[in-house]
Amino acid sequence: MRWRENLLEKIGALVTAVLLALYVQSQLHPIIERAYEVPIELINAPQNYEVRLENSLRARVVVRGVKEWVEQTRAEQIRASVDLSRAKPGENRLAIRLDYPAEWREQLTLTPERPMVRVTLEPRLSRQFPVRVNLTGIPELQEVLAEAVPEPNSVRITGAASQVRRVRTVQITFDMTGLQGDLELEIAPTPLDERGEPVMGVQITPAEVRLRVRLIPQPTSKTVPISPRLEDLPPFPYRVIWFSVEPVSVQLRGSPARLAQINVIETAPISLRNKTSDAELRVPLKPPPGVEIRGVREVMVRVRIQREAQPEPPRPKPPAEPELQSPPPPKEDN
C-alpha cells in the first residue's frame with residue numbers, strides 16, 4: 001500500500017508539526033500560575049464553642065491556566081471555607097473547600113496549598129473582671145496625689161475556656177510623665193495571667209473603657225503619733241503598769257505618696273530587762289525610709305514599774321484532836 005511508503009518520514013513530520021503547534025501555542029497562550037491569600041470562612045460553627053485554626057486564618061490558593069484567563073482573576077472572586085457541621089470538641093482535620101466563578105472550571109485549576117486544616121473546638125467561657133489601674137511616671141505638677149477611675153470599672157472576658165481561666169487580672173497602665181492636669185481618655189484594658197503576661201485570643205467587652213485621671217494637691221508634711229517600742233520587759237515579778245511619751249506626736253516631711261503609707265512612728269527599741277523601778281528614758285526616734293522628721297529627734301519615755309503581789313502560801317491545818325470516849329456504865333450487883 002502506497003501510504004506505507006516513507007512511513008518513518010511521515011511520522012517524523014507529524015511529530016514535528018505537533019511540537020511546532022504546541023510551541024506556537026505556548027508562545028501565544030502560555031500557561032502561568034498566580035497565588036492568592038484568601039480568608040478562611042468558618043461555616044456551620046456550633047454555638048457556645050470557640051474555634052481555633054492552626055497557624056493562620058487565611059489560605060494560600062494557587063491559580064493555574066492560560067495567561068489570558070489567569071490575569072483576569074482576582075482574590076475577591078475566590079472563597080475558601082471550612083464546614084464545621086461534623087466537627088467534634090477537640091482537634092479536627094477538615095478539608096478546605098474552594099468556590100469560584102463557574103466559567104473558570106474549564107479554563108483554570110485552583111488548588112489550595114494546604115488542602116486540610118487543623119481546627120480545634122473548645123467550650124466558650126465568659127467571666128467578669130474588675131479593671132485595675134497601674135499609674136507609672138511622675139506628673140509635671142509636684143506635690144500632688146494622682147487618682148485614676150475607670151468607667152466602667154469592670155469588663156467581661158469571653159473566649160476559649162482554657163484561655164479565660166488563665167486570666168488573673170485586667171489592667172490599664174497609664175504613664176503620667178509630664179502630665180500637667182486632669183485628663184480623660186479611652187483606653188483598651190489588657191488581660192494578664194499570673195506572671196503578668198498578656199493573655200491573647202480572648203474578647204473584652206467593652207473593648208475600651210474611659211479613664212479619668214485627676215491630680216489632687218497634697219501637703220508634703222504630716223503629723224503622726226509616736227509609739228514607744230518596748231522590747232525586753234522587767235524581770236519577774238516586776239511588770240510595766242503604765243508608760244507615756246513626750247511629745248506625743250511628730251511632724252514628718254516627704255512625698256505625698258510616701259506619707260500616705262505612714263500612720264505612726266516608733267522609737268528605737270527600749271530594753272527594760274534590768275529595770276525594777278520607775279524610769280525616765282530619752283530615746284531616739286526611728287525615721288521610716290523616704291521621709292524626714294522635722295524638729296524632734298528624740299523623746300522622753302516614762303515607765304512605771306510595779307512588783308506583782310505574790311500570793312501567801314497556804315497555812316497547814318492543825319492536827320485534829322482525838323475524841324474522848326465516855327467510860328462504860330458501872331455494873332449493878334445482884
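Contact order for the range 103-178, expressed relative to its length and based on alpha carbon pairs under 8 Å spaced 6+ residues apart, stands at 44 percent. Sorted largest first by accessible area at a 1.4 angstrom probe radius, with every protein chain in place, the residues Lys67, Lys286 fall in the order Lys286, Lys67. Taking a Cβ cut-off of under 12 Å around Arg93, the surrounding Lys, Arg, Asp and Glu residues balance to a net charge of +2, with basic ones at +1 and acidic ones at -1.
For Lys275, give me every one of the aspartates and glutamates with a C-alpha distance below 16 angstrom, ignoring sequence neighbours fewer than eight places off in its own chain. In chain and number order, the partners are Glu231, Asp232, Glu308. Summing charges over all other residues whose Cβ lies under 15 Å from the Cβ of Leu211, with Lys and Arg as +1 and Asp and Glu as -1, gives -3. Tell me the relative contact order for the range 59-125 as a rounded percent, counting alpha carbon contacts under 8 Å between residues six or more apart. Relative CO of the range 59-125 lands at 45 percent.
Can you tell me the relative contact order of the range 121-220? Whole percent, Cα pairs under 8 Å, sequence separation 6 or more.
37 percent
Reported value for the range 132-171: 88 Å³ per residue, from the convex hull of its C-alpha atoms.
Over the range 253-296, the pair-distance histogram of Cα-Cα distances with 10 Å bins from zero comes to 21, 42, 22, 13, 2 percent, rounded to whole numbers. When Trp242, Trp69, Trp104 are compared by accessible area of protein heavy atoms, the largest-first order is Trp242, Trp69, Trp104, using a 1.4 Å probe. Would you be so kind as to identify which of Leu192, Met176, Gly159 lies farthest towards the positive end of the dipole of the range 157-198, taking Lys and Arg as +1 and Asp and Glu as -1 on Cβ and the Cα centre as origin? The one lying farthest along the dipole's positive direction is Gly159. Taking a Cβ cut-off of under 15 Å around Trp69, the surrounding Lys, Arg, Asp and Glu residues balance to a net charge of 0, with basic ones at +1 and acidic ones at -1.
The values are calculated or read from the model by the stated rules, or taken from the named source; none is laboratory data. Computed from a predicted structure; not experimentally measured. Neighbour counts run over all protein chains shown; Cβ positions are idealised from the backbone, glycine included. Surface accessibility is based on the protein's heavy atoms, side chains included, excluding ligands, DNA and RNA. Shrake-Rupley method; radii C 1.70, N 1.55, O 1.52, S 1.80 Å.
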